[in-house]
Structure formats: structure tokens, C-alpha cells
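Working notes, structure below.
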Amino acid sequence: MVKIYNARDITEAHIIRSMLETYGIEAHVNGFYLQGGIGELAAHDYASVSVKNDDADQAKKIVAEYDKTEI
């Protein structure tokens, strides 16, 4: 597995994971349990998304498109 995206928070990481899975790319959200250590405030810069090494190039292209269209 290789990390392909650093999300602002756990919610964005899950959005990215779901988006990649619609393209048939299995993705994993990292840092989910770190949010509990911070309390009720949203944890920033702890969540990331990883994919299999073979899917990394395609996943990075998809995420790059997401970053371009983000408001």
C-alpha cells in the first residue's frame, strides 16, 4: 500500500476513498483512530488515503481531478 492523498480531515478521506472505489480502486483510510485522541474537534492533517501499489498512478490522477474541481 502507498499513501496517495493527505486529507484535511477524516470526512474528506472517506469521500476520496468512496470516489476511488467507484473507479474499482480499493482504498484504505489511515488515521481514523487518531481523531479520538483529539476529542470532539475535527482532527486535521491526520487522515490519509492509501491504495495498492499497482493502483497508485491511476488513483493519483483521479485525486488530481478532484483537487482541480474542489470549491
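Assorted remarks:
- Summary of packing: across the peptides 61-69, 5-13, the per-residue average of other C-beta atoms within 10 Å ranks them, highest first, as 5-13, 61-69.
- Approximating the spin labels as points 7 Å out from Cα along Cα→Cβ, the Lys68-to-Tyr23 distance works out to 1.2 nm.
- FRET efficiency, Lys61 to Asp9 (Cβ-Cβ, R0 25 Å, nearest 0.05): 0.60
The numbers here are math on the coordinates, done by the rules we state, and not lab data. Just so it is clear, the structure is predicted and the values come from calculations on it, not from any experiment. With ideal geometry, Cβ positions are generated from the backbone for all residues, glycine too; neighbour counts draw on all protein chains shown.
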